[in-house]
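I have placed the structure first, in the form of structure tokens, so that the comments after it can refer back to it.
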Amino acid sequence: MTYSVGSQFSAVTDAPRDHADIKDKVRSYIAENFLFGSAQDLQDGASLLDAGILDSTGAMELVAFLGQRFGISVADEELVPDNLDSVERISAYVGRKLNVA
């Protein structure tokens, strides 16, 4: 199964320029939607699951954001911590899907 995108996010048409650009967008989304606007203590490699920042519902919201913002689809087998458990892992996953260096 592949998850499709809901309409709660507005699409941004500019493509990410590089891995740092993806990371900035992911970090901003997590800060705004899960940390009430403050990501100052969030380390890029820190586990979002272990820190209690992301749960199963949050993961689905994140997948919807990734689809809307970056135009990617996330298959069932890709819904694993190796892809979605930290800002760094999410950014790397999106970069691989988009072939961004």
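The values are calculated or read from the model by the stated rules, or taken from the named source; none is laboratory data. Predicted model, so just to flag it, every value in this text is computed and none were measured. In this analysis, Cβ positions are derived from the backbone assuming ideal geometry, glycine residues included, and neighbour counts consider all displayed protein chains.
Take the residues in segment 24-77 that are within 13 Å of the chain's Cα centre (by Cα) and aromatic (Phe, Trp, Tyr), then tell me which one is farthest from ALA92 (Cα to Cα).
Applying the filter and picking the extreme gives PHE34.
Of everything in segment 43-100, what is under 20 Å from ASP21 (Cβ atoms) and in contact with a strand residue (DSSP E or B) (Cβ under 6 Å, 6 or more places away or on another chain)? Give them in sequence order.
VAL63, VAL74, listed by residue number.
So, in segment 29-53, exactly how many residues are buried (at least 16 other Cβ atoms within 10 Å of the Cβ) and either of a type in the set (Ser, Thr, Tyr) or without any contact (Cβ under 8 Å) to a residue 12 or more places away in the chain (or both)?
So the count comes out to 2.
Among (1) without any contact (Cβ under 8 Å) to a residue 12 or more places away in the chain; (2) of a type in the set (Phe, Trp, Tyr); (3) on the phi < 0 side of the Ramachandran plot, where does PHE70 come up short?
Among (1) without any contact (Cβ under 8 Å) to a residue 12 or more places away in the chain; (2) of a type in the set (Phe, Trp, Tyr); (3) on the phi < 0 side of the Ramachandran plot, the lone unmet condition for PHE70 is (1).
So, in segment 68-101, exactly how many residues are surrounded by 14 or more Cβ atoms within 10 Å (Cβ to Cβ), in a helix (DSSP H, G or I) and among the acidic types (Asp, Glu)?
The total comes to 2.
Which count do you get for residues in segment 31-67 that are among the charged types (D, E, K, R), closer than 19 Å to PRO81 by Cα and not in a loop (DSSP other than H, G, I, E, B)? Talk me through it step by step, then tell me what you get.
We begin by selecting, within segment 31-67, every residue among the charged types (D, E, K, R); these are 32, 41, 44, 50, 55, 61.
Next, from what is left, pick out any that are closer than 19 Å to PRO81 by Cα: 44, 50, 55, 61.
If we keep only those that are not in a loop (DSSP other than H, G, I, E, B) too, we end up with 61.
Total satisfying the criteria: 1.
Tell me, which residue of segment 72-101 that is more than 19 Å from ILE30 (Cα to Cα) and in contact with a His (Cβ under 9 Å, 6 or more places away or on another chain) is modelled with the highest pLDDT?
Here the answer is VAL100.
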